[in-house]
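Written below as structure tokens is the structure these notes are about.
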Amino acid sequence: MTAEREITDAPSAVVDPVTVRTHRWGFGAFLLVFAVFVLTAVMIGAVFRAMAPQVTASPTAIVIGTMVPTVVAACVTLLITKIRGNGPRIDLRWSMRREDVRAGIKWGVIGLICTTFAAFVWTSVVGEQNAQSAIGALVDNQRMPIVPAIILFVFVWLIGPVCEELIYRGLLWGALERLKWGRWAVFGLTTVIFAVSHLEPLRTTLLLVIGIPIGLARLFSGRLGASIVAHQVNNFLPALATLLVAVGAMPA
């Protein structure tokens, strides 16, 4: 028997409520996407190491190694929703309405304040070097040409958050909802998995703080667009700092 549900929040100018199939993907789809992310990163690293050890620290390697695994994983996410569901617009609640932008900016600013304070406290506890993100560590004391530095800035600020939100507050969120978990349980578990999945053990606590307001944007708006905007607002200052460090305009 095919389960059905009524969609009333589809992001369209004029939408009549329609009955559609419940998506047919669960937590295994998220595990597949995460495996694709890890394997893609490993393969790219192996290719650059095979070319020459020094190439792994080149600007090209940094940009490709940072962007490609996340983008590929996001593309697999979109493909899963097409094959096993109704597509990202419906199943991931992906919209970009005016109210989504407003909610995203509000939670993003809250997140930026909380993250700035948490980062200050965390740095004082573990030290500046241990508090660095993986991308920050890559560009530390490394001058990059302006073009790859700008590409990295745009990715960290705008593109990366879209990809990550598709995976965590989209695919994973929908998988947990399908298990009939309560909305707060879904919020809590996706926030924890978001933090742990970055594979940066020393920064996991800080990543939890970062993930909370982004998840709250998804929770209270009911749509992915708000969490995407919140994530982008939260990433702006770190992305700008990465750009300035990469071009030598600011000390690492």
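If I ask for residues that are more than 21 Å from GLU165 (Cβ to Cβ), surrounded by fewer than 17 Cβ atoms within 10 Å (Cβ to Cβ) and either out of contact with any strand residue (DSSP E or B) (no Cβ under 8 Å at 6 or more places or on another chain) or at pLDDT 95 or above (or both), which ones from the range 16-47 would you list? Matches in the range 16-47: ASP16, ARG24, LEU39, VAL42, MET43, GLY45, ALA46, VAL47.
If you go through the range 160-167 one residue at a time, do you hit one that is out of contact with any helix residue (DSSP H, G or I) (no Cβ under 7 Å at 6 or more places or on another chain) and assigned to a helix (DSSP H, G or I)? Checked against the condition, which is being out of contact with any helix residue (DSSP H, G or I) (no Cβ under 7 Å at 6 or more places or on another chain) and assigned to a helix (DSSP H, G or I), the range 160-167 yields no hits at all.
Residues that are more than 15 Å from the chain's Cα centre (by Cα), of a type in the set (Val, Ile, Thr) and buried (at least 21 other Cβ atoms within 10 Å of the Cβ) within the range 150-181 are absent altogether.
Across the range 182-225, the number of residues qualifying as loosely packed, with under 15 Cβ neighbours inside 10 Å, modelled with pLDDT under 90 and part of a loop (DSSP other than H, G, I, E, B) comes to 1. For the range 70-101, filtered to residues that are touching a residue at least 60 places away in the same chain (Cβ under 8 Å) and among the basic types (Lys, Arg), the residue that is farthest from ALA35 (Cα to Cα) is ARG97. Among all positions in the range 5-14, there is no residue which is over 23 Å from ARG143 (Cα atoms), modelled with pLDDT of 85 or more and among the hydrophobic types (A, V, I, L, M, F, W, C).
The values are calculated or read from the model by the stated rules, or taken from the named source; none is laboratory data. All values reported here derive from a predicted model rather than from experimental measurement. Here Cβ is always computed from backbone atoms with ideal geometry, including for glycine, and neighbour counts include all displayed protein chains.
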